[in-house]
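Derivation of every value follows stated rules applied to the coordinates shown; laboratory data play no part. For clarity, every value in this text was computed on a predicted model and none was experimentally measured. Cβ coordinates were reconstructed from backbone atoms using ideal geometry, including for glycine residues, and neighbour counts include every protein chain displayed.
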Amino acid sequence: MIVIVIIGVLAALAIPRFIKTAERVKGDEAVTKLRLIFTGEGMFRVDNNSYTGDLDDLTPDYIVDPRGGPYWTYGDPDTTDDPLDPGPDFTATATRSGGVYSGGTITIDEDENITTDDPWPFTY
């Protein structure tokens, strides 16, 4: 009986840590794909003197399509210019689909700044 209690306590400590680690790895996947979009946007800008607001413009000539995968959805980059920031702008966002942190977002901008939004608890 004591063995069962000990196993239960160990499981109660280990399972939340495992879930958090698994979510962190899924976040790393999103950051990797956002950096891929960042690189593709940079190459597109060199060729066209502007960023694109359509991921289809980046694939397959500049990058591999990042939209596959069950954990994140990737929208088309936002290329709305910020009047306070000279030069062209873009942001690309990955949104967590399902899981413990469903709805959390990770965003990259034209300066390769990575930001996160609730409920995503990790920073990069």
Please list, in order along region 93-101, the HN-Hα scalar couplings obtained from phi with the Karplus expression 6.51 cos²θ - 1.76 cosθ + 1.60 (θ = phi - 60°), rounded to whole Hz, x for Gly and Pro. 10, 10, 10, 5, 10, x, x, 4, 10
How much net charge surrounds Thr107 when only the other residues with a Cβ under 10 Å from the Cβ of Thr107 are counted, with Lys and Arg +1 and Asp and Glu -1? -3
Taking R0 as 30 Å, what FRET efficiency do you get between Thr39 and Phe18 from their Cβ-Cβ distance, rounded to the nearest 0.05? 0.40
Long-range amide H partners of Trp120, meaning residues 5 or more apart or on another chain whose placed amide H is closer than 5 Å, are Gly104, Thr105
Suppose R0 equals 22 Å. What FRET efficiency, 1/(1 + (r/R0)^6) with r the Cβ-Cβ distance, do Ser97 and Tyr124 give to the nearest 0.05? 0.70
Nearest 10 degrees, 0 to 90: helix 2-48 Cα axis against the chain principal axis: 10 degrees
Estimated [θ] at 222 nm from DSSP helical runs (n ≥ 4, -39500 (n - 2.57)) normalised by residues in the chain, nearest 500: -14500 deg cm²/dmol
Length gained when the stretch Val25-Ile6 is fully extended (0.36 nm per residue, less Cα-Cα span): 4.0 nm
Return, for the Cα atoms of region 2-117, the radius of gyration and Dmax in Å, separated by a comma. 18.7, 69
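Sorted by average packing, counted as other Cβ atoms within 10 angstrom per residue and highest first, what order do 12-22, 32-42, 103-113, 62-72 take?
My ranking of the peptides, most packed first, is 32-42, 103-113, 62-72, 12-22.
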